[in-house]
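The values are calculated or read from the model by the stated rules, or taken from the named source; none is laboratory data. For clarity, every value in this text was computed on a predicted model and none was experimentally measured. Cβ placement follows ideal geometry from the backbone for every residue including glycine, while neighbour counts extend to all protein chains displayed. The protein model used for the area step is the full one, side chains on, heavy atoms only, and it has no ligands, DNA or RNA in it. Shrake-Rupley method; radii C 1.70, N 1.55, O 1.52, S 1.80 Å.
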Amino acid sequence: QSQLFDLLGRINDQLAARPTRVLGFARGETAPTDDEVSGLIWLGHLAMVDPLRPGAKDFISALHGAGIETVMITGDQAATAGAIARELDLANGGPVRIIDSTTLTAMDPALLSGLARKTHVFARVSADQKLAIVQALQATGRVVAMTGDGVNDAPALKAANIGIAMGASGTDLARGVANVVIRDDELTTLIDAIARGRTVHRNIR
């Protein structure tokens with residue numbers, strides 16, 4: 001059984017690294033517990049391709065050029081998130097550092113703040129962990145801008161220095177707590193907003 005789990009794990013990692021979002025399917029007569037899968041019959045993997053939006057890599061490059069660091073906080077598993085981060089060059093030419101949510105559960109806030117400074121990807125995170133990550137980044141002295149569109153993003157959007165919600169696809173709750181709402185859902189719109197904001201700031205000074 002352990003050999004089977006190892007094989008299925010390797011297949012999952014290979015599919016996730018393409019990158020794809022991977023689901024596993026099995027069937028059985030009764031619902032299994034977390035540590036009891038012997039009664040299940042394995043059916044297979046399902047890999048779903050969720051391609052990057054056009055211009056996403058250029059958007060990240062423009063943020064780096066503007067002196068803005070980028071961090072991915074996602075519900076995807078680490079292998080998928082890491083592959084996407086490398087495709088986006090999220091680490092700006094350096095190695096991508098990833099933390100899985102399983103290591104965050106009982107982590108001391110001070111330790112999380114130290115790790116957050118050097119982390120590019122937080123994978124498989126829950127709503128409360130998103131909030132903890134935003135607060136950990138703020139504890140390092142950073143000004144945090146958080147983008148999101150779902151109900152589970154709302155606590156982190158509200159806690160961030162600048163909460164940015166999607167106007168077209170975002171939930172009412174996300175839009176309600178955000179400081180900024182992007183009406184067209186295009187993250188590249190942020191580049192224009194940042195450029196104009198900095199111009200206004202320079203003119204005022």
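A quick yes/no check of all residues on (1) among the small types (Gly, Ala, Ser); (2) not in a loop (DSSP other than H, G, I, E, B):
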position: Pro95; (1), (2): no, no
position: Thr105; (1), (2): no, no
position: Gln129; (1), (2): no, yes
position: Ala132; (1), (2): yes, yes
position: Arg142; (1), (2): no, no
position: Lys158; (1), (2): no, yes
position: Val181; (1), (2): no, yes
position: Thr199; (1), (2): no, yes
**Asked** Any residue in region 55-66 that is at pLDDT 90 or above and part of a loop (DSSP other than H, G, I, E, B)?
**Response** yes
Over region 85-124, the set of residues farther than 17 Å from Leu137 by Cβ and under 10 Å from the mean Cα position of the chain (by Cα) is Arg124
All-but-one check, Gly141 against (1) within 16 Å of the chain's Cα centre (by Cα); (2) without any contact (Cβ under 8 Å) to a residue 40 or more places away in the chain; (3) open to solvent by 60 Å² or more (accessible area, probe 1.4 Å), failing number (1)
Going through (1) at pLDDT below 90; (2) closer than 23 Å to Ile162 by Cα; (3) touching a strand residue (DSSP E or B) at 6+ places or on another chain (Cβ under 6 Å) one by one, Gly75 fails only at (3)
